[in-house]
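Reviewing the structure listed below.
Nothing in this text is a laboratory measurement; each read-out follows from the coordinates by a stated rule. Every value quoted in this text rests on a predicted model; they were computed, and no experiment measured them. Every residue, glycine as well, gets a Cβ built from its backbone with ideal geometry; the counts of neighbours run over all protein chains shown.
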Amino acid sequence: MFNDNESEASRRMQEADDWELVAQAQAGDMEAFTALVRRYQAPVMHFCRRMVGSPQDAEEVAQECFVRLHRHLRRLQPRARFSTMLFGIARNLALNAVRDAARRPAPAPAEAMDRPVADPAFSPARRAQVREIESALERGLAMLSPEHREVLLLREFQGMDYETMAKVLRCRKGTVRSRLARAREQLREYLFVLGGDLL
Amino acid sequence: MKNDDRHVLDELSAYIDGEALEPARIARHLQGCAECARRHLQLLKLGVHLRSMPLPDVRPEFATRVMARIAEQEGAPAPFWRRRLVDAMAVAALVALCAGLFPLWLRQNREAAPAQLVATSIELRDPAAVVGAFVELFDEGVDEKLVEAALEAPEWGHMHYSSESIWELLAEVRPEDVSLGFSDADNNLFSMIDRLGPEEHDVLRELILQRFQAVDQNETKG
């Protein structure tokens, strides 16, 4: 991925490598496509999980994202970042899943992630505080509208810059800027209401 | 009030991302404004907390399941509704689109364009390019009831689109992928279309995009 800590040269190398794998997959090399899946399964799964909420729905959406990618493999051309295109697919599918979930009688409550949530080296009190913050953030993220949630996820977890996000979300850079500011403010206010010491 | 005295609360989000329009002014303001500095710190902490959240586990068999689904779908025939719809809608839509847009564009851009043009036949030189766009349309979340309705009345204006991406996809349909026949005395029209240059292709794509946006807005109002 292309977070802030990665050098531009490194990002470009990975990008070239992604498209090389795409070219190999287009030539029928399924191992190359599998390598792409393995490379991006964690970030895509993470994005879907936070967007959709339910672990089962998120895995379904994430898998479908790669299936969809393969279906359009023949048409893919290296005109944009591979990850931009991939997250564009993931975003469309996730929004559909969110809409489907909204039609169901009872929306799934925010569920804790599967891994330990606090460094075992922390004191019990500190671990409890970290768990409290993470739980509040889970609920706060779920409270955001999908449009605000997705922009926050792409920025904070995928490290995308505004221009890349604008391409993924098919909106203007200014829209990214305002949505992100609004998302952060809503989340900040939510945590502040829960307890001023959370931030 | 000096420019640096203006509060920057609304600009802090972009500032911490390195995307602020006036980062130097914001930095100066933060040095002298406790309220904005406090909010700045809160947003920084919020980012740290967010990025510290645990990542979801990806099951080891994730990639295997993806590849199994791909293999399964490659071996299965396309759903019947998609086959029927692709056949019906691709032709209907392109006839409507080309009949509606090409004469308009030609009238606007060529003085000698005929007054009345009616598309009477259509041939797809690259059906896969067009069909691919429609397949993607239905994968983007069109309601199945609307799909059924479209099967009953495969007309352009009867479709709803839940994703704006379809506009872009259909805008990718290149004129050179389509051959048109017109019941017009001007036999040169066909060759005129063939002679469209890259810039004219871009104009066509823009027209198509506007057309679909207008259709969508009308559907939304309706």
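Based on Cα contacts under 8 Å between residues 6+ apart, chain A shows a relative contact order of 22 percent.
By the count of neighbouring beta-carbon atoms within 10 Å, fewest first, A:Glu163, A:Glu60 end up ordered A:Glu163, A:Glu60. Per residue of A:177-183, other chain Cβ atoms within 10 Å of the residue Cβ number 4 on average.
Take every pair of alpha-carbon atoms less than 8 Å apart whose residues are at least six positions apart; their mean separation over the length of the stretch A:1-108 yields a relative contact order of 27 percent. Centroid-to-centroid, using Cα positions, the stretch B:1-70 and the stretch A:173-194 are 9 Å apart.
For the stretch A:1-108, the dipole from Cβ point charges (+1 on Lys and Arg, -1 on Asp and Glu) about the Cα centre works out to 500 debye, to the nearest 20.
If one takes the longest principal axis of the Cα atoms in chain A, at what angle in degrees, from 0 to 90 and to the nearest 10, does the Cα axis of helix A:124-143 lie? The two axes meet at around 60 degrees. Stokes-Einstein diffusion for chain A at 10 °C, viscosity 1.306 mPa s, with a Kirkwood radius from C-alpha pairs, works out to 87 µm²/s. What shape does the stretch A:1-108 take by its C-alpha gyration tensor, where a ≥ b ≥ c are the square roots of the eigenvalues and a/c under 1.5 counts as rounded, a/b above b/c as prolate, and the rest as oblate? Prolate, because a/c is 1.5 or more and a/b exceeds b/c.
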